[in-house]
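The block underneath contains the structure these notes are about, expressed in structure tokens.
The values are calculated or read from the model by the stated rules, or taken from the named source; none is laboratory data. Computed from a predicted model, the values in this text were never measured in an experiment. With ideal geometry, Cβ positions are generated from the backbone for all residues, glycine too; neighbour counts draw on all protein chains shown.
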Amino acid sequence: MQDAAGTAPASLPSRKAAARAALFDLPPAALSLLTDCFRQFGIETVPIPAEDAERLRREKFEACVLPLGPGAGTIIELARSSASNSRIVIYGLGGSAQEALRYSKYCINAVFQEPLERAAALKLVRSTRTLVLHEFRRYVRIPIMTAVSLVTNDGARFAVTSLEISSGGMSLKGTSGLEPGQLVEVSFALLTLPRIWVKGNVTWKRPNKSFGIRFDASDERRRRLKEWIDGYLEN
């Protein structure tokens, strides 16, 4: 249709599709609470019963919440086997950080602890929403739980768990035996990134055994991590 001047009216810009989080095989109470939590940050939720697991391969989702238990690895692998969902943000429900590490090769991003509490759930969604919504800061920190090996200059070794990672450093949890300023070397693997070793130094520590490491900017091996993060965010 044309207007009086003989020109076609400009088409209205299409509305950007909302980010979608699949809530896979969740009990009713958890389903209701997490639906409300994600909705508060503009994230649409889609309940997926266990018998419809193939939807995680066929459809595009920005995030997925699933119970950590028997078969969880199969479901994560199913979701990540889809090209459109290879970088899907994975939330586990229940279990400890150590239990989540059983699935570390799938790089679970975060875990909702049980019993599920609204305040804690909201805090977790708030801290990870930029990754789900693809609203990245200049120096984005990616929440990822994976096993990390750490060696100090004097040869002491620690097995710890990653909390967040960026091209400049990472936060971890699992030991109080380190002090700010201490030089270390960390090694870990992330999905398509084979095991990498990077030097750094401890920059902060907290009473809950969490601590931060800043990578050595002169360590050329850090470039592989930066390339992986760039690819992760561009997917």
Check your understanding: In the stretch 87-108, how many are at pLDDT below 90 and of a type outside the set (Lys, Arg)?
Key -> 13
Practice item. Can you work out which of the residues in the stretch 193-231 that are acidic (Asp, Glu) and touching a strand residue (DSSP E or B) at 6+ places or on another chain (Cβ under 8 Å) is surrounded by the most Cβ atoms within 10 Å (Cβ to Cβ)? Key: ASP216
Point to revise | In the stretch 137-166, residue surrounded by the most Cβ atoms within 10 Å (Cβ to Cβ) [restricted to those that are under 15 Å from the mean Cα position of the chain (by Cα) and within 15 Å of VAL198 (Cα to Cα)] | key: ILE165
Practice item. List the number of the failed condition for ARG141; all other conditions in (1) on the phi > 0 side of the Ramachandran plot; (2) in contact (Cβ under 8 Å) with a residue 24 or more places away in the chain hold. Key: (1)
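Listed here are the residues, each with its yes/no results for (1) within 16 Å of ARG118 (Cα to Cα); (2) at pLDDT 95 or above.
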{"residue": "LEU12", "(1), (2)": "no, no"}
{"residue": "LEU31", "(1), (2)": "yes, yes"}
{"residue": "CYS37", "(1), (2)": "yes, yes"}
{"residue": "ALA53", "(1), (2)": "no, yes"}
{"residue": "CYS64", "(1), (2)": "no, yes"}
{"residue": "GLY69", "(1), (2)": "no, no"}
Review point. Among the residues of the stretch 173-187 satisfying the criterion of being closer than 23 Å to SER104 by Cα and modelled with pLDDT of 95 or more, which is surrounded by the most Cβ atoms within 10 Å (Cβ to Cβ)?
Key: VAL186
